[in-house]
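Everything on this sheet refers to the single structure shown next.
Rule-based calculations on the coordinates, nothing more; no lab input. This one's a predicted model, so the numbers in the text were calculated from it and none came from an experiment. Cβ placement follows ideal geometry from the backbone for every residue including glycine, while neighbour counts extend to all protein chains displayed.
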Amino acid sequence: MNKKLTIKESVLIMGLLPQEHNYLTLIELEKLRESLIFTEEENRKFDIESKQAPDGRFFLTFNEEATTGYTRPIKFGARAIACIVEVLKTMDRDLKLTQAHTGLYSKLVIGGTNGNTDK
């Protein structure tokens, strides 16, 4: 299944992907991680940079204004979608969703595969 993601949604998904799971799911998640990596052109065009927080964690910054209207198709396998949906539903149940997650939640949990697939 292909979904059109914004730069922000791509960054958010990278942070939601689990590091541990069963073998087949981990293989699929690795393919998804590779497809989420930004191209050199995207890095330049949107000023995407990796930075380190004082606590040692890394995060990405980008020019949100420059990304307005930009999406890119990302191919998701069924196992990867299931993992992300599970994480988002857990965050919702635990009241851990933020405003930044609402677009992804709408696209992947509410929209699911019911005709909301971007070809």
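For this structure, a couple of remarks:
- Most mobile listed residue (78, 100, 53) in the chain, GNM with C-alpha springs under 10 Å: 53
- The stretch between residue 52 and residue 33, if pulled fully straight at 0.36 nm per residue, gains 4.9 nm over its current Cα-Cα span.
- For residue 70, neighbours were defined as the other residues whose beta-carbon sits under 12 Å from its Cβ, and their charges (Lys and Arg +1, Asp and Glu -1) total -1.
- Relative contact order, percent, the chain [alpha-carbon distance under 8 Å, six or more residues apart]: 40
- R0 of 30 Å, Cβ-Cβ distance residue 68-residue 98: FRET efficiency to nearest 0.05: 0.90
- Working value for the chain: equivalent-ellipsoid semi-axes of 22, 18, 16 Å, each the square root of 5 times a Cα gyration tensor eigenvalue, largest first.
- Of all DSSP beta bridges in region 2-110, antiparallel share, percent nearest 5: 100
- Ranked by how many other Cβ atoms sit within 10 Å of their own Cβ, fewest first, the residues 57, 72 fall in the order 57, 72.
- For GluC sites (Glu not before Pro), the sites in region 11-71 that DSSP calls loop and that have at most 12 other Cβ atoms within 10 Å are 20, 64, 65.
- For region 46-59, putting each phi into the Karplus relation 6.51 cos²θ - 1.76 cosθ + 1.60 with θ = phi - 60° gives couplings of 10, 6, 6, 9, 9, 10, 10, 6, x, 7, x, 6, 9, 8 Hz, in residue order, rounded to whole numbers and with x for Gly and Pro.
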